[in-house]
Amino acid sequence: MSESSLILRLRKGDSKALEEIYGRFRTSFLTWITHTHKCTKEEALDIYQYSILSFYENVVEGSFDSMNDAGIKTYLYSIGKNKLLNDSRRKMKVTYKDHIEEDELIEPETEVDFVRTQNIEKIKNSLEEIGNPCKEILELFYFNNLSADEIAEVMNYKNGGTVRNLKYKCIQRIRKFLE
Amino acid sequence: MDQNFHLIEKYFRGELSEEELDLFHGKLQNDPAFEQEFRDMKHIREGAKASARMKALSVLQNVEANFTEKETTKINVSMRRLVSIAASLIVIATVSYFAISDRTGGTMSGEEVFATYYEAYPNIVSGDVRGDDMVLNTLAARAYDAYDNKNFSKSVKIFSELLEAEKSASNYFYSGISNLERGNLDIAKDYFNVVMNNYSEMREQSQWYLALTLLKDNSTEDALSNFASLSLRKSKSKIVRNAKLVLGELGVSLDDTSSGTAAEVGTIPEEGELSPDGALEKRRYQFGKVIEINSGQSFRFMNDVPFEDLDEGDLVEFILIKPKRGREPFAIIMANMN
């Protein structure tokens, strides 16, 4: 399977492609990061998963159409390295501040942020509740950035029109949860 | 379909012409219904993205579970997260326990199981992965941030505020773990159970942590009932596998399904005491006696997720849990046959 078609499948939300990429670079990534950056296997796994997810996000945002094996590997390594550095900086900062934070006053919430967090939580719950096809359609639209026609192809619908209708109805259903 | 919907969708895709963009901004300022719809759709978009990320992460965690299973022994699986030197000493101790347990069938104590299997659940709700669009200074973000940094005394405080404002499965769940970390076992039990009884998500995770909390609290039977119920789930998750391992390590075996009659049924707290939205943040469980249909033997049972319509006299399917060393077997109810 060539890289570009793996990336294409990933873009279309094919979880098998995600599994394939995960398996392909896992051993070399874990060996590399545990040896060069002195972290535990557990930290290495977290970082690897984080790197794969970042890669996935960049693929769906259209940052690259095709990339060879070496390209993906370099990309994953650089994400991993940055993540590790950021984490260790963050840890140091937190330890340093720890005793102060205990007594810090909790700042008042701005109403807008509050409604937003609350709404998004409600939406995640309602997506679980109404399930597929709504959940999958909206994820493919908004996370994978696919067009209605592409979604029709992935989900075996007649055409993009069907998907657009479904999407409209799904969104109206979710808005009911927000009222 | 309505015009506003299309306008907003086009805006998301960055496809509005200059003229349309003017129309869009005009409406946003002057038409409250439009403003509301735009805000809702923006949130729906973010919610769908967050849900897709959670899905991707769980795909990765499942593949990883397969890899780990292949390349390590079962001891290493359960030990995966324990990394300090102190922990590696426990590994040695556990290895010998396993060596014995192969012959005698389970010699770990509840405490050892807790020490071996407990780890704070990774935060999959809010984290770096969601990108920089999350404003960090919201209550939720600060609660999860404290959780991420393992500052549990702080996360306990912020979560309790957050829960007053926003009740959700993940808020209860992570608050439960924070409380467990701080040794507030009763609150932890309540919160995990609230998730299991009131939400459709995070139930498996909540039951796993409830079982561990009960074990730590020396409520061994209640813990076993929950481990057993987890081990009987069909999913192949790490939790289900670990639940099976735990039962093995405690020397517990399960019988095949039996049928019987529910002879006594009680639920705590009772239905009437419960407010409809589950806002009473108390552990709710069911207990009583079942009588096996053929032998006429009676067994106690305990379920952390009550069967709402279970009445005395109902025919039920149950599974018998047999602890080690001749302790009384007891049951969990699997289905109400009425």
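We did not get these values from a lab; they are worked out from the coordinates using the rules stated. Worth saying up front: this structure is predicted, and the values here are computed from it rather than measured. We place every Cβ from the backbone using ideal geometry, glycine too, and count neighbours over all the protein chains shown.
Could you tell me the center-to-center distance, by alpha carbons, between region A:29-83 and region B:208-223 in angstrom? With region A:29-83 and region B:208-223 each reduced to a Cα centre, they are spaced 38 Å. For the residue pairs A:16/B:154; A:83/B:234; A:16/B:244; A:12/A:81, alpha carbon separations beyond 31 Å are given by A:16/B:154; A:83/B:234. Mean per-residue shielding of peptide A:138-147 is 5, counting Cβ atoms of other chains within 10 Å of each Cβ. Under 18 Å of direct C-alpha separation, and excluding same-chain neighbours fewer than eight residues apart, residue B:238 reaches these lysines: A:41, B:55, B:70, B:74. Applying a threshold of 25 Å to the alpha-carbon distances of B:167/B:289; B:216/B:282; B:150/B:189; B:189/B:289 flags B:167/B:289 as lying beyond it.
Kindly put B:168, B:160 in sequence by how many other C-beta atoms sit within 10 Å of each C-beta, fewest to most.
In increasing order of surrounding Cβ atoms, one gets B:160, B:168.
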